[in-house]
Amino acid sequence: MRNLSILFILILLTSCSDTTTREKSNVRPTQYSFDNMIPDYSTDTLFIKSSFADCGEWGGHEELIKIYRLEKKFKLTYIKYEVNCEARDQFGLTQIEKFNKNITLSQFQKMALMNYMERLMKSQFLDKEISHSGNYFSLENTKGNLKISYGGNHPLLLENYNDLLFKLEFPKVVIQQN
């Protein structure tokens, strides 16, 4: 009788572990892909907007990165503006377009964008700064259901942005205080 009880317990234990193994093997691994940000059928556009404190509390130059699908490929438009801290109108500093370039994104560049977006999300956990000047970084889409932004002088923000620009093969941002 004792041998029969042990045999029954062993059968029960091995059958349970076999079921667990089978269940685990049916679980699909998580697949992160930049291609999921804007599906093939979507006309959505992602915007990475940045402004810098070249002119202190008055602000500074702005940069815009637009990411969109065109003919099933991801395209990116990068626009960099220039600012003269002495030239203002009724709306503030005047911006003049300095650089405009369009590229088709490589897999490496898509990964760099994913990493930047993740870092921008993590910046939400940094201490908030109280200041009238600083750099500002945001990510949003045309649908309005995605909006992440952070402003301040934390050096990590500019470092993350410059890392993205380097991987996209654009010149890094150097802030010249006027």
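Some notes on this structure:
- Within the range 107-132, being of a type in the set (Gly, Ala, Ser), in contact with a strand residue (DSSP E or B) (Cβ under 9 Å, 6 or more places away or on another chain) and open to solvent by less than 50 Å² (accessible area, probe 1.4 Å) holds for one residue alone: Ser123.
- Unique residue being without any contact (Cβ under 8 Å) to a residue 24 or more places away in the chain, farther than 15 Å from Ile48 by Cβ and of a type in the set (Lys, Arg) when the list is Lys122, Lys143, Lys128: Lys122
- Residue in the range 166-175 that is at pLDDT below 95, over 17 Å from Ile79 (Cβ atoms) and not in a helix (DSSP H, G or I) present: yes
- Subset tally (residues that are open to solvent by less than 30 Å² (accessible area, probe 1.4 Å) and aromatic (Phe, Trp, Tyr)) for the range 77-93: 1
- The residue that is nearest to Ile175 (Cα to Cα), among those in the range 38-54 that are open to solvent by 10 Å² or more (accessible area, probe 1.4 Å) and over 18 Å from the mean Cα position of the chain (by Cα), is Asp54.
- Meets criteria (out of contact with any Cys (no Cβ under 6 Å at 6 or more places or on another chain), open to solvent by 30 Å² or more (accessible area, probe 1.4 Å) and in contact (Cβ under 8 Å) with a residue 24 or more places away in the chain) for Lys66: no
The values are calculated or read from the model by the stated rules, or taken from the named source; none is laboratory data. Predicted model only: the values in this text are computed from it and were never measured. Every residue, glycine among them, receives a Cβ derived from its backbone with ideal geometry; neighbour counts consider all protein chains shown. To get the accessible areas, we keep the full protein, side chains included, count just its heavy atoms, and leave off ligands, DNA and RNA. Shrake-Rupley method; radii C 1.70, N 1.55, O 1.52, S 1.80 Å.
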